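Some notes on the structure that comes next.
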Amino acid sequence: MALNKKISKQIARMPKYKIQDEAFQNQAIAKSRAFGRDRNIQMQEQNIEQEAAGAAAEAKDITGSTSGLLSTIAAINANKGQTLRGLAQDEAQIQASNVGDLYAQNEAMINEQDKAFNQNEMAPWDAKLRMLQQKKQNRANLANTIIGSVANVAGAFVGIK
């Protein structure tokens, strides 16, 4: 088998780089976390709403005066609002962290795609280019050898006269 065919077969058998499914899954998780609401925050908000409603109902049962009841409900709502604001701040920090995680995951995915490109496209192209350059160099060397030999033979004939 000719050298060119062996080289071409070897290049064709070069292993292909496959990006693992987990890399895509990690990116999808990071996207959903970065742009979705935090489930724990949502559950805490629901608990706060339920506790505030329960506290207001309990205040109605305990307090006989209207002004006392209104004062208690106002305090419950103020506390609820303050707690919800705190949760909103927590959620903003969580979301900022999640967006940072998404950036990191996107960088990892870019690196994986670069590896795949280099292994699957760039390396075979580079190997073929080096093969062609080597062929060109071999042909040039052969031509120089032939020219040198012809010159030596011609010089020998000139020297014979």
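The values are calculated or read from the model by the stated rules, or taken from the named source; none is laboratory data. What you see is a predicted model; the values in this text were computed from it and never measured. Note: ideal-geometry Cβ built from the backbone for every residue, glycine included; neighbour counts use all protein chains shown.
A few notes on this one:
- Pairs with Cβ under 9 Å, 6+ apart, first in region 116-139 and closer than 30 Å to residue 24 by Cα, second loosely packed, with under 12 Cβ neighbours inside 10 Å and small (Gly, Ala, Ser): 124/12
- Residue 7 vs. criteria part of a helix (DSSP H, G or I), at pLDDT below 90, surrounded by 12 or more Cβ atoms within 10 Å (Cβ to Cβ) and hydrophobic (A, V, I, L, M, F, W, C): yes
- Against the test of being surrounded by 10 or more Cβ atoms within 10 Å (Cβ to Cβ), touching a helix residue (DSSP H, G or I) at 6+ places or on another chain (Cβ under 8 Å) and assigned to a helix (DSSP H, G or I), the options 127, 143 yield a single qualifying residue, 127.
- Flag for residue 38 being of a type in the set (Asp, Glu) and in contact with an Asp or Glu (Cβ under 8 Å, 6 or more places away or on another chain): yes
- Inspection of region 85-95 finds a residue satisfying the criterion of being out of contact with any Asp or Glu (no Cβ under 7 Å at 6 or more places or on another chain) and in contact (Cβ under 8 Å) with a residue 60 or more places away in the chain.
- Scanning region 13-44 for residues that are among the small types (Gly, Ala, Ser) and in contact (Cβ under 8 Å) with a residue 24 or more places away in the chain, we see that the one that is farthest from residue 117 (Cα to Cα) is 34.
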